[in-house]
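Colleague: One structure coming up, written as structure tokens, with questions to follow.
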Amino acid sequence: MRPTLCAGARDQEIYPGRVTSAPTRSDAPTGATAAGAETAHPHPHPAVRADLFLLAIAVSGLSLSAPLIAATAAPALAIAFWRNAMAVGALTPVALVRHRAELRGIGRRNLLLAVAAGALLAVHFGVWLPSLHMTSVASSTALVTTTPIWTTLLMRLRGHRPPALVWAGTALAFLGVVMLTGVDLSLSPRALAGDALALAGGMAAAGYVLLGAEVRRTVGTVTYSYVCYATTTVLLLAACLLSGSSLAGYSGDTWLKLALLTVTAQLLGHSLINRVVKGLGPSVTSTAILLETPGAALIAALWLGQTPPVASYPALAVILAGLGLVIMAGRAEKKGWSQARKG
């Protein structure tokens, strides 16, 4: 029987240490994962360690996004369009040759959810990148990285009760971002509009992560990413045409940077996020994305010669501490669930 997204269904997050291949038991306690009940293990499953390693690579790729965008001489919406369009071009041979059967059999529900995720990703790019030119980079960064807060709230609305450690870890990690960027909210109408766009970008990213976790329960990474990015590309193309953003006429250096952005931030960043969200769950995945902020600051220092703020290193420590709390919450819940089964 297919699970649904209704508020009463407890098809929630998969925490680290859980194996999702076992069928759901009728005696599973509240908070069992969407992909099925776990098989208890005293230590993290090897697959979880692999996912954490891939998550680190994904965050490294995402950290290149802001410095590359800052160094690319193209309109913001055009950058967003080309990074997705190039990713679709790269995935097309793989998707149509090796995953054709899965594409054909994806099912109406999963197709609609993947399209919805792509639409939210388009909204994320479409509102956040322009906000960087309307408000301070610090405010835009701090507001767009509220993603884990909205992820946790959306999960709560779906009936899941996140452990207190999840709330505490999310808040602590976001505090680390505020320490690094500061929140210099201006009273000018243009800056306030930019702040609102960045906040909307964070909300859209939360929906994108949650829908991705749902689709990835039964759909492979390549198939899901292909449908998602194709949707994002079409919507961003429409936004570029409506706004009059130039899509061509760039220098060779700009095209090279767009290709590098596609490989690092899109194919390694977002695609690996799509890969690991199935095993690590939305809370851990979205909280880890906060590491993009100090990562981008360090890359900008090495590549663009921008001196990182003094708060970079303690902020990184605070973000890591918050992420650690979220991971601990999952392991604690796993241990309690395992004891409940034995009882």
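The values are calculated or read from the model by the stated rules, or taken from the named source; none is laboratory data. In this text the structure is predicted, and so the values were computed from the model without any measurement. Positions of Cβ are generated from backbone atoms using ideal geometry, with glycine treated the same way; all protein chains shown enter the neighbour counts. Just the protein is used for accessible areas: all its heavy atoms, side chains included, with ligands, DNA and RNA removed. Shrake-Rupley method; radii C 1.70, N 1.55, O 1.52, S 1.80 Å.
Colleague: Kirkwood Rh and Cα-based Rg: tell me the resulting Rg over Rh for the stretch 154-259, rounded to two decimals.
Modeller: Details: Rg = 18.7 Å, Rh = 17.9 Å.
Answer for the stretch 154-259: 1.04.
Colleague: Can you pull the percent of the stretch 56-102's accessible area that's carbon plus sulfur, 1.4 Å probe, other chains left in place? Write down the numbers at each step before the final one.
Modeller: Values: 1280 of 1820 Å².
Of all accessible area on the stretch 56-102, carbon and sulfur atoms account for 70 percent.
Colleague: At 1.4 Å probe size, with every protein chain present, just tell me what the per residue accessible area of the stretch 103-156 comes to in Å². Mind showing how you got there, number by number?
Modeller: Details: 2060 Å² over 54 residues.
The answer is 38 Å² per residue.
Colleague: When ranked by the protection proxy of mean other Cβ atoms within 10 Å per residue, highest first, what sequence do the peptides 159-170, 274-285, 213-224 form?
Modeller: Numbers: 159-170: 19.5, 274-285: 27.5, 213-224: 22.9.
In descending order of packing, they fall as 274-285, 213-224, 159-170.
Colleague: While we're here: Please find the FRET efficiency linking SER246 to ILE57, where r is the Cβ-Cβ separation and R0 is fixed at 25 Å, and quote it to the nearest 0.05.
Modeller: Numbers: r = 33 Å, r/R0 = 1.30.
The pair SER246/ILE57 has a calculated efficiency of 0.15.
Colleague: Still on this model: May I ask you to rank LEU157, LEU267 by accessible area, largest first, using a 1.4 Å probe over the protein chains only? Can you show the working numbers first?
Modeller: Numbers: LEU157 135, LEU267 45 Å².
Result of the area sort, largest leading: LEU157, LEU267.
Colleague: Here's another thing I want to ask about it. Over the stretch 186-238, give the accessible area per residue in Å² for a 1.4 Å probe, as an integer. Write out the running numbers ahead of the final one.
Modeller: On the way: 1740 Å² over 53 residues.
Using a 1.4 Å probe on heavy atoms only, each residue of the stretch 186-238 averages 33 Å².
Colleague: Leaving ligands, DNA and RNA out of it, report the carbon-plus-sulfur percent of the accessible area of the stretch 104-233 at a 1.4 Å probe.
Modeller: Working: 3560 of 4880 Å².
Roughly 73 percent of what the probe reaches on the stretch 104-233 is carbon or sulfur.
Colleague: Residue by residue through the stretch 236-246, which ³J(HN,Hα) values in whole Hz follow from phi under the Karplus form 6.51 cos²θ - 1.76 cosθ + 1.60 (θ = phi - 60°), with glycine and proline marked x?
Modeller: Going residue by residue, I get 5, 4, 4, 5, 5, 5, 5, 8, x, 5, 5 Hz, with x marking Gly and Pro.
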